[in-house]
Amino acid sequence: MSNVDLLGRRKFIAGLGVAAGAAMVAPAMAVSEKADGVKWDKEVEVVIIGSGFAGLAAAIEATKLGAKDVHIFEKMSYFGGNSAINGGLFAAPGTPMQKKENVDDSVERMVNDQLASGRGIADEGLLRHVASHALEALQMTLDAGSEYHPYLQQLGGHSVARTYQTTVSCGAGITQPLYKECKRIGVNTHNRSKFEGFLVGKDGKVVGVKMRTNYHFNEDQPGEVLNIRAKKGVIMATGGFGQNVDLRMAQDPTLTAEVGCTNAPGATGEGMFEMFRLGAIPVHLAHIQSGPWASPDEGGFGYVSNYSIYNFPHSMAVNRLTGKRFMNEIADRKTRADAELSCRNEKGEALPPILITSYKDSKKHPNTKKVIKYNVGWKFDTIEELAKHFDVPLKPLKAQIEEYNSYVKSGEDKQFGKNMTKAKDKYIEAPFTVVRLWPKVHYCQGGVQVNVKAEVKDSFTGKSIPGLYAAGEVCGGIHGVSRLGSCSIPECMVMGMTAARSIMKA
């Protein structure tokens, strides 16, 4: 039985729990059709849906490999998608900055760090593929004009410092240069273009897409729907579903609309849904990651997130009820998010913990001025002022600081086993900067299953769905239970480049 014959009966969405009375936050569901007798409005070489890291990297790589007519379609009014507002953190092994800082790293070490965070269900083959090509992706950003801070960061769960960060401390420091490079080399870009479904040929091959023009997010749609033929294939780079509250809740009922989200509004998952309807395999949808560096005092990703990410290695997280540390500040994201959520008052109500840093160390990151300026962070001259402001018991807090500083001196954290390499000589002392911490939905580990060629696997045949490729957060199963910070950009870009290489060989 072919893919076309199955179009009418593949009801994957109901199986995901979304149909159980909950309405989609996203616009109306896209619907794929047979391509028989379709009047093509446009014929192009390569179709890419989504303009984040994965889509932009795919477009550049496809053009580099000889494609003459590459088209990126973006449903929002702006390009860059969710990628533009992420943290701009890029992990790669064996980089020039690691050599400069004498950091001993390797593909194997990076993969092992990610496997530990994935808790036994990550895809080792895909992780190794990404780590092996991360340096190529980093070079693509540098060639396009991305600029990075002149130092490496060691993020939670990473055994060494391997993370670059853009000088603007957000993903726009990568998406904007990549977008400009796309325009320079002749990639065609279309915004306000909404994916409405696949057009499928007799042999089950994806031969085109339906795109609605003049689309305005969450409004009535007057735009015309065009049938676009993709001669070489379609690359789906449509991102995650963090803003689709109903789908979030179908996986984890605690992730209600009251739970903050760092994602752009367009992260609603329609592209993923439509691949499921074609027969793509849903993987790990229930593993939705919350960022432990987020703040309850600002919306979205905000300023505190990057501030915290930079400062965690040489800072102390404290439970305000006890005045004591409660976690390893650079453990993997899930470990820290779970620990933060356990910080509650005597009534069991949320009591966001605080991150205490010496101002002399925190001020080296540009966001320190911003968190103080916008009142989402505080500066204190004494520990007494700090304790009074947050109603933290003073005596235990003083004792905890003294104990933590002894770990800075010895290089060994006897409380939580934190790697103290980046804390060397960075004592917790006045004046202090402080932010509040509380997790926000950040990344969906779940999505469609792909192989190391970025081909989308078919659950009915066990083979790849011909003509269809996917890259980035729309894919699932790569990271397992918990993704390490700064590993999404290399994954998105490497798999986008991989999809382009596969499509150009097809």
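The values are calculated or read from the model by the stated rules, or taken from the named source; none is laboratory data. Just so we're clear, the structure is a prediction, and the values are computed from it rather than from any experiment. Using ideal geometry, Cβ is built from the backbone for each residue, glycine included, and neighbour counts are taken over all protein chains shown.
If you scan segment 379-397, which residues turn out to be free of Cβ contacts under 8 Å to residues at least 24 places away in the same chain and either within 14 Å of THR322 (Cα to Cα) or touching a Pro at 6+ places or on another chain (Cβ under 7 Å) (or both)?
LYS388
Considering only residues that are within 28 Å of the chain's Cα centre (by Cα) and touching a residue at least 60 places away in the same chain (Cβ under 8 Å), which ones fall in segment 199-215?
Listed by number, the residues that qualify are VAL206, GLY208, VAL209, LYS210, MET211, TYR215.
Given the conditions (1) in contact with a Ser or Thr (Cβ under 7 Å, 6 or more places away or on another chain); (2) not in a strand (DSSP E or B), and given that VAL441 satisfies all but one, which numbered condition is not satisfied?
It fails just one condition, (2).
Which of the residues that make up segment 400-430 are more than 33 Å from the chain's Cα centre (by Cα) and free of Cβ contacts under 8 Å to residues at least 40 places away in the same chain?
Selection gives GLU402, GLU403, ASN405, SER406, LYS409, SER410.
Out of THR254, THR238, THR213, THR189, which single residue is assigned by TED's automatic domain parsing to the domain that holds ASP458, of a type in the set (Val, Ile, Thr) and within 20 Å of HIS479 (Cβ to Cβ)?
THR238
Taking segment 251-282, which residues are under 26 Å from VAL304 (Cα atoms) and among the hydrophobic types (A, V, I, L, M, F, W, C)?
Matches in segment 251-282: LEU255, ALA257, VAL259, CYS261, ALA264, ALA267.
I'd like to check which helices (runs of 4 or more DSSP H) are fully inside segment 221-338 and have at least 3 residues that are touching a residue at least 40 places away in the same chain (Cβ under 8 Å) and surrounded by 24 or more Cβ atoms within 10 Å (Cβ to Cβ).
Where helices (runs of 4 or more DSSP H) fall fully within segment 221-338 and carry at least 3 residues being touching a residue at least 40 places away in the same chain (Cβ under 8 Å) and surrounded by 24 or more Cβ atoms within 10 Å (Cβ to Cβ), they are 270-278, 304-311.
Is there a residue in segment 162-180 that is at pLDDT 95 or above, surrounded by fewer than 16 Cβ atoms within 10 Å (Cβ to Cβ) and more than 19 Å from the chain's Cα centre (by Cα)?
yes
So which of GLY269, GLY323 is modelled with pLDDT of 95 or more and over 24 Å from CYS170 (Cβ atoms)?
Unique residue meeting the criteria: GLY323.
Going through segment 120-129 one residue at a time, which ones are touching a helix residue (DSSP H, G or I) at 6+ places or on another chain (Cβ under 8 Å) and either within 19 Å of ASP332 (Cα to Cα) or surrounded by fewer than 21 Cβ atoms within 10 Å (Cβ to Cβ) (or both)?
Scanning segment 120-129 gives ALA122, GLU124, LEU127, ARG128.
Kindly establish whether TYR469 is hydroxyl-bearing (Ser, Thr, Tyr), under 30 Å from LEU278 (Cα atoms) and buried (at least 18 other Cβ atoms within 10 Å of the Cβ).
For TYR469, the condition - hydroxyl-bearing (Ser, Thr, Tyr), under 30 Å from LEU278 (Cα atoms) and buried (at least 18 other Cβ atoms within 10 Å of the Cβ) - is met.
Among the numbered criteria (1) at pLDDT 95 or above; (2) exposed (fewer than 15 other Cβ atoms within 10 Å of the Cβ), which one does GLY462 miss?
The one condition GLY462 does not meet is (1).
For segment 339-379, what are the residues that are part of a helix (DSSP H, G or I) and among the hydroxyl-bearing types (Ser, Thr, Tyr)?
TYR359, SER362, THR368
Of the residues LYS100, LYS75, only one is among the basic types (Lys, Arg), surrounded by fewer than 24 Cβ atoms within 10 Å (Cβ to Cβ) and at pLDDT 95 or above; which?
Result of the check over LYS100, LYS75: LYS100.
List every residue pair whose Cβ atoms sit under 7 Å apart, with the two residues 6 or more apart in sequence or on different chains, where the first one lies in segment 357-375 and is not assigned by TED's automatic domain parsing to the domain that holds GLY299 and the second, anywhere, is part of a strand (DSSP E or B).
From segment 357-375, no pairs qualify.
Taking segment 405-438 on its own, how many of its residues are of a type in the set (Lys, Arg), crowded, with 19+ Cβ neighbours inside 10 Å and assigned to a loop (DSSP other than H, G, I, E, B)?
Going through segment 405-438 one residue at a time, the tally reaches 2.
Does GLY66 satisfy the criteria of being within 25 Å of TYR164 (Cβ to Cβ) and not polar (S, T, N, Q)?
Against the criterion (within 25 Å of TYR164 (Cβ to Cβ) and not polar (S, T, N, Q)), GLY66 does not qualify.
Which residue pairs have Cβ atoms closer than 7 Å, lie 6 or more positions apart in sequence or on different chains, and pair a first residue in segment 49-71 that is at positive phi with a second residue that is of a type in the set (Ser, Thr, Tyr)?
Listed pairs, sorted by first residue: GLY50/THR238.
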